[in-house]
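The values are calculated or read from the model by the stated rules, or taken from the named source; none is laboratory data. Just so it is clear, the model here is predicted, and its values are computed rather than measured. In this analysis, Cβ positions are derived from the backbone assuming ideal geometry, glycine residues included, and neighbour counts consider all displayed protein chains. Note: areas computed on protein heavy atoms with side chains; ligands, DNA, RNA excluded. Shrake-Rupley method; radii C 1.70, N 1.55, O 1.52, S 1.80 Å.
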Amino acid sequence: MMKIEWLEKNTAKGVSWILPVFQGEERLGEEGKKADAKLQGRLDTWLQQESCCNDKGDSFLLRSCQEDLPDILLLQFGKREKLNVQAVRFCLGQAVRALEKAKVSQSVVFLDELGLTLEESAYEAALGAILGGYRFDCYKSKKKEPVLQTLFLQTRHTVTPALEQALQNATVTAEAVLQARNWVNQPAAVMTPEKMAEEAQRLATLHGMDVDVWDAKRIKAAGMGALSAVAQGSDVPPRLIVMRYCGGVKGKPWDAAFVGKGITFDSGGISLKPGEGMQEMKDDMSGAAAVLAAMDAIAALKLPVNLLAVLPCTENMPSGKALKPGDIVTAMDGQTIEVINTDAEGRLILADAVAYARHEGAQRIIDVATLTGACMVALGRVRSGLLGNDSAWNDLIVAASERAGEKTWLMPHDEEYAELLKSDVADLKNTGGRYGGMITGGLFIGAFAKETPWAHLDIAGTATLLKTSGAWVKGGSGAGVLTLLEIAKGLV
Ligand code: BES
Ligand code: MN
Ligand code: ZN
């Protein structure tokens, strides 16, 4: 992976410079001018004559063709007054791909002019660069060797311990997101429930977390009839992963429980999905991946909170042993569920997981899941859908997602929606019909949180992206990781 380091004031040789340009400004900023002095003003002259890289994130590489002069990447940051953390993250994501394409091996970005505090600039620049440079090519027989080796950060001020820390935090955080992306991008044949459990165990040993892995027998013995029912159709055995991180006051209850949907492949089960696009359902464990990666970052950053993570992991497959529409299953807390559609399996496994989090005394619960196509219909691939039963918990999550730069939208959940989940023969049924599908799907899960503050983040539309832009790269996105991390910070 590309290294990110501080560079002492006298810029090293062979390092290309990233210089910001701003919309509506014909001339270079302070840093640019200083750099340009060394180039005898050529850059400024050039800029006034040409119009290049007009859109935010666009860039243009000027080759100096002289050994003692650096190449310059002019990078458009948009309107100066609109500069914010998102813009910096976005532009650095764009920049690293441009540098890679131009086969630049070392580059330096000057942080003083980006309109943020230096700590913010360092954090966002590093985060954007690492996230934007991500590639998933482990199955390509001809791999492109990465060219860009080091991105240097430079400031005219002294590099304080707080600045060092900001860079360190960004690296840990970005690596967690890349980890989640890798898991999501792996095919279902590799990313089985057992593999997820191995990964959880590996990370737990690294950063001092407790992890418990339950097999099918133990899941059943604990009364998790809904998770067991989804798992029974598959030849691949299920796992329930329980992780515990105690960074806060010892003996205090869990500040929050993070629950993640871990369907390692969703064929729909007996209510089989159409063949077209089914390959995308390898990403149906994105919620579990986000929780796992966030727990890793939280433990690595040693945040002073007590967190429980519950990850129900299984395939959803059709077979002679599979769950059938019309079957009635009993969740861990005793509530009975009439299964109308076996493709609404996420809420079934999350019912047991949320009931378990409540049983463990979690003060608050959030579940993260690729739960409904309806969420994509409502919000597209831009925002994740949020739903919750407690306004203070909702507010904390919305604020966290904004800080994280992950867009979410709070949906309503009036009583009338819950009516749609009433069953003639059981306590609940697992679908509420086509309309309002994201809301009824979420509310179903909420029924197992009871009076515990609970929220649900539907990442169906954001877990996999169709195009690369800024820090986001096509494929598994790692959606949810940054929000969960900010939630943990918000709980402190
Ligand atoms: N994993 C899917 C949701 C999904 C669909 C995510 C498309 C990403 C893209 C989920 O298990 C599912 O199948 N949901 C059904 C629920 C319905 C049967 C009530 C859906 O949304 O169609
Ligand atoms: Mn499904
Ligand atoms: Zn699913």
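Only residues that are within 15 Å of ligand 3 (Cβ to nearest atom) and not aliphatic (A, V, I, L, M) were counted across the range 320-349, and they come to 6. In the range 346-369, what residues are of a type outside the set (Gly, Ala, Ser) and open to solvent by less than 10 Å² (accessible area, probe 1.4 Å)? Listed by number, the residues that qualify are 348, 349, 350, 352, 354, 365, 366, 367, 368. Among the residues of the range 289-339, those that are under 22 Å from residue 197 (Cα atoms) and among the acidic types (Asp, Glu) comprise 296, 315. Residues that are small (Gly, Ala, Ser), buried (at least 18 other Cβ atoms within 10 Å of the Cβ) and within 12 Å of ligand 1 (Cβ to nearest atom) within the range 263-294 comprise 267, 268, 269, 271, 286, 287, listed in sequence order. If the condition is being more than 16 Å from ligand 1 (Cβ to nearest atom) and β-branched (Val, Ile, Thr), then the range 355-391 contributes 365, 366.
Under the condition of being open to solvent by 10 Å² or more (accessible area, probe 1.4 Å) and in contact with a strand residue (DSSP E or B) (Cβ under 8 Å, 6 or more places away or on another chain), which residue from the range 330-345 is nearest to ligand 1 (Cβ to nearest atom)? Out of the qualifying residues, it is 343. Can you say whether residue 312 is touching a residue at least 60 places away in the same chain (Cβ under 8 Å) and in contact with a strand residue (DSSP E or B) (Cβ under 6 Å, 6 or more places away or on another chain), as far as the supplied structure shows? In short, yes.
For (1) touching a His at 6+ places or on another chain (Cβ under 7 Å); (2) hydroxyl-bearing (Ser, Thr, Tyr); (3) in a loop (DSSP other than H, G, I, E, B); (4) open to solvent by less than 10 Å² (accessible area, probe 1.4 Å), each residue gets a yes or a no:
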| residue | (1), (2), (3), (4) |
| --- | --- |
| 121 | no, yes, no, yes |
| 136 | no, no, yes, no |
| 145 | no, no, yes, no |
| 158 | no, yes, yes, no |
| 164 | no, no, no, no |
| 167 | no, no, no, no |
| 175 | no, no, no, no |
| 181 | no, no, no, yes |
| 188 | no, no, yes, no |
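Here the range 223-246 is the region considered, the condition is being among the small types (Gly, Ala, Ser) and surrounded by 20 or more Cβ atoms within 10 Å (Cβ to Cβ), and the residue that is farthest from ligand 3 (Cβ to nearest atom) is 225.
Quick grid of which residues meet (1) touching a residue at least 12 places away in the same chain (Cβ under 8 Å); (2) aliphatic (A, V, I, L, M); (3) within 16 Å of ligand 2 (Cβ to nearest atom):
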| residue | (1), (2), (3) |
| --- | --- |
| 414 | no, no, no |
| 419 | no, no, no |
| 426 | yes, yes, no |
| 432 | yes, no, yes |
| 439 | yes, yes, no |
| 447 | yes, yes, no |
| 453 | yes, no, no |
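The number of residues in the range 447-487 being open to solvent by less than 10 Å² (accessible area, probe 1.4 Å) and over 22 Å from residue 125 (Cα atoms) comes to 10.
Taken over the range 437-468, the criterion of being over 15 Å from residue 377 (Cβ atoms), assigned to a strand (DSSP E or B) and not hydroxyl-bearing (Ser, Thr, Tyr) is satisfied by 454, 455, 456, 457, 465. Filtering the range 307-328 to residues that are under 20 Å from residue 235 (Cα atoms) and open to solvent by less than 20 Å² (accessible area, probe 1.4 Å) leaves 311, 312, 313, 314, 316, 322, 323. Considering 388, 380, the condition of being surrounded by fewer than 23 Cβ atoms within 10 Å (Cβ to Cβ), at pLDDT 95 or above and not charged (D, E, K, R) is satisfied by 380 alone.
Residues that are over 27 Å from residue 166 (Cα atoms) and open to solvent by less than 90 Å² (accessible area, probe 1.4 Å) number at least 3 in the following helices (runs of 4 or more DSSP H) confined to the range 1-102: 42-49.
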